[in-house]
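Trainee: Here it is, the structure in full.
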Amino acid sequence: MRDIITPVASIAASLLVVGILLAAIGINPFEAYAVMFTSSFTSKFGLAELCVKTTPLILTGLAVAIPLRAGLWNIGAEGQLYMGAFAASVVALYSNLPSYAMLPAMFLTAAIFGMAWAAIPAVLKAKFDLNEILSTLLLNYVAIYWVEYMVYGPMRGKEVYNFPYTDLFPDIATLPRFFGTRFHLGFFIAILIALAIHYIVNKTDFGFSLKVVGANPRAADYAGISKQKVIVYSMLLGGMFAGIAGMIEVSGIQLRLRPSISTGYGYAGIPVALLASGNPLLVMASAALFGFLYVGGSVLQTTYSVPIGIVYVFQSLIVLFIIAGQSLRRRD
């Protein structure tokens, strides 16, 4: 029961504090929250955009949640997302694969590149006990600047009028969209992945190993569980999910590679995973909440000229209240 009470109380406390901030700048918080809700849930466009924002958050939330269960902090989901997007874009633009093979090949290469990017801090942690927070965080910048270099240089499109974009993907390299909106197949893929991971972490030996290593590494040693293997495998899984998120973003939404393909989805995956306490099923609900904040925040910007910083304040407050709640629980 406490696993549910803590995140609910954190959200409620965040709503209260943000409401006070909105009131301080002359905006009725009740009206603002009502506008956010109606714009996100009462129209086809709003629901579609909510799903669009939720999709990468589910995957980056899982990218953080799985290592978190093993006591690791994968702060590198943003970079892993960028590398997945880059790899998928190379396949889409240069492979000339037949239609039946294009999307599977994009998924596979994005997953491999995401895993490869996560493998660097994973091996450093497993072999040399290098702090994974620092290594994953710093690798984000390497990946982001690598993509920026490629789209400004070797991969810049021939039909983009000197903008730093690649050419548009061919139709066979784009995910199907539905209902005349940006709602795409990637949403269902993210849901299926979350359900599969829920089964893995709760019904398999690997899931049990994750829990034991995360709860008590010494007990894992006594039980014959290899902590080094769990570290590497959990980080590789996280990198795979983030890489797939990058592929879905460029193939389902952007339809090309460009700088700033992510609006911080990799970093947002951290509070998504924290709010869900590492539970893959709750990650979906947590991602939907943060997707709502993205969509609702955009509406507040256009309706009330609210700074986007208010949305980031909301996200940060949720994290702070979650941490405070967990600290209080440990003292009980």
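Trainee: What residue, among those in segment 264-302 that are among the hydroxyl-bearing types (Ser, Thr, Tyr) and over 19 Å from THR6 (Cβ atoms), is most open to solvent (accessible area, probe 1.4 Å)?
Mentor: That would be THR302.
Trainee: Now a separate question. Quick check on segment 220-232. Is at least one of its residues over 20 Å from ILE200 (Cα atoms) and surrounded by 24 or more Cβ atoms within 10 Å (Cβ to Cβ)?
Mentor: No, that holds for no residue.
Trainee: Still on this model: Taking interchain pairs and intrachain pairs at least six residues apart, which have beta carbon atoms under 9 angstrom, with the first residue in segment 307-323 and hydroxyl-bearing (Ser, Thr, Tyr) and the second open to solvent by less than 60 Å² (accessible area, probe 1.4 Å)?
Mentor: So the pair list comes out as TYR312/GLY264; TYR312/GLY297; SER316/SER14; SER316/PRO271.
Trainee: Continuing with the same structure: Taking ALA13 as the residue in question, decide whether it is in a helix (DSSP H, G or I), among the small types (Gly, Ala, Ser) and at pLDDT 85 or above.
Mentor: no
Trainee: All but one of (1) in a helix (DSSP H, G or I); (2) over 18 Å from ALA288 (Cβ atoms); (3) small (Gly, Ala, Ser) hold for GLY46; which doesn't?
Mentor: (2)
Trainee: I'm told ASN96 meets every condition in (1) part of a helix (DSSP H, G or I); (2) surrounded by fewer than 17 Cβ atoms within 10 Å (Cβ to Cβ) except one. Can you identify the failing condition by its number?
Mentor: For ASN96, the exception is condition (1).
Trainee: Of all the residues that make up segment 238-263, how many are among the hydrophobic types (A, V, I, L, M, F, W, C), over 13 Å from the mean Cα position of the chain (by Cα) and open to solvent by 10 Å² or more (accessible area, probe 1.4 Å)?
Mentor: Looking only at that region, the number is 2.
Trainee: Scan (1) without any contact (Cβ under 8 Å) to a residue 60 or more places away in the chain; (2) under 27 Å from ARG177 (Cβ atoms); (3) touching a helix residue (DSSP H, G or I) at 6+ places or on another chain (Cβ under 7 Å) for the single condition GLY266 breaks and write down its number.
Mentor: (1)
Trainee: Could you grab me the full set of residues in segment 55-90 that are of a type in the set (Val, Ile, Thr), open to solvent by 10 Å² or more (accessible area, probe 1.4 Å) and in a helix (DSSP H, G or I)?
Mentor: Across segment 55-90, the qualifying residue is only VAL90.
Trainee: How many residues, within segment 263-282, are under 17 Å from GLY84 (Cα atoms) and among the β-branched types (Val, Ile, Thr)?
Mentor: Of the residues in that region, 1 qualify.
Trainee: What are the pairs with Cβ atoms under 9 angstrom where one residue, in segment 182-195, is under 10 Å from GLY252 (Cα atoms) and part of a helix (DSSP H, G or I) and the other, located anywhere, is of a type in the set (Gly, Ala, Ser) and modelled with pLDDT of 95 or more? Sequence gap at least six, or different chains.
Mentor: Listed by first residue and then by second, the contacts come to GLY186/ALA245; GLY186/SER251; GLY186/GLY252; PHE187/GLY252.
Trainee: Follow-up question, since we're still on this one. Do you know which residues across segment 287-315 are touching a Ser or Thr at 6+ places or on another chain (Cβ under 9 Å) and either not hydrophobic (A, V, I, L, M, F, W, C) or not in a helix (DSSP H, G or I) (or both)?
Mentor: GLY291, TYR294, GLY296, SER298, THR303, GLN315
Trainee: Hey, another quick one. Considering each residue of segment 110-137, count those that are open to solvent by 40 Å² or more (accessible area, probe 1.4 Å), of a type outside the set (A, V, I, L, M, F, W, C) and in contact (Cβ under 8 Å) with a residue 12 or more places away in the chain, and give that number.
Mentor: Qualifying residue count for the region: 2.
Trainee: Anything in segment 1-43 that is without any contact (Cβ under 8 Å) to a residue 24 or more places away in the chain and among the charged types (D, E, K, R)? List them, or say none.
Mentor: The one that is without any contact (Cβ under 8 Å) to a residue 24 or more places away in the chain and among the charged types (D, E, K, R): GLU31.
Trainee: For segment 16-54, which positions are of a type in the set (Ser, Thr, Tyr), in contact with a helix residue (DSSP H, G or I) (Cβ under 7 Å, 6 or more places away or on another chain) and open to solvent by 50 Å² or more (accessible area, probe 1.4 Å)?
Mentor: Correct list: empty.
Trainee: Can I ask one more? Scan segment 35-61 for residues that are of a type in the set (Lys, Arg) and closer than 18 Å to PHE241 by Cβ and jot them down.
Mentor: Matches in segment 35-61: LYS53 only.
Trainee: Now for a separate question. Could you tell me whether segment 164-181 includes any residue that is outside any loop (DSSP other than H, G, I, E, B), modelled with pLDDT of 95 or more and more than 30 Å from SER43 (Cβ to Cβ)?
Mentor: There is at least one residue in segment 164-181 that is outside any loop (DSSP other than H, G, I, E, B), modelled with pLDDT of 95 or more and more than 30 Å from SER43 (Cβ to Cβ).
Trainee: Taking PHE163 as meeting all but one of (1) under 30 Å from GLY278 (Cβ atoms); (2) open to solvent by 60 Å² or more (accessible area, probe 1.4 Å), write down the number of the exception.
Mentor: Of the numbered conditions (1) under 30 Å from GLY278 (Cβ atoms); (2) open to solvent by 60 Å² or more (accessible area, probe 1.4 Å), the odd one out for PHE163 is (1).
Trainee: Identify, please: which residue in segment 149-192 is out of contact with any Phe, Trp or Tyr (no Cβ under 7 Å at 6 or more places or on another chain) and β-branched (Val, Ile, Thr) and is, among those, farthest from MET106 (Cα to Cα)?
Mentor: If we take residues in segment 149-192 being out of contact with any Phe, Trp or Tyr (no Cβ under 7 Å at 6 or more places or on another chain) and β-branched (Val, Ile, Thr), then VAL160 is farthest from MET106 (Cα to Cα).
The values are calculated or read from the model by the stated rules, or taken from the named source; none is laboratory data. Quantities reported herein were computed from a predicted structural model and do not represent experimental measurements. All Cβ positions, even for glycine, are placed from backbone atoms using ideal geometry, and neighbour counts span all protein chains on display. Note: areas computed on protein heavy atoms with side chains; ligands, DNA, RNA excluded. Shrake-Rupley method; radii C 1.70, N 1.55, O 1.52, S 1.80 Å.
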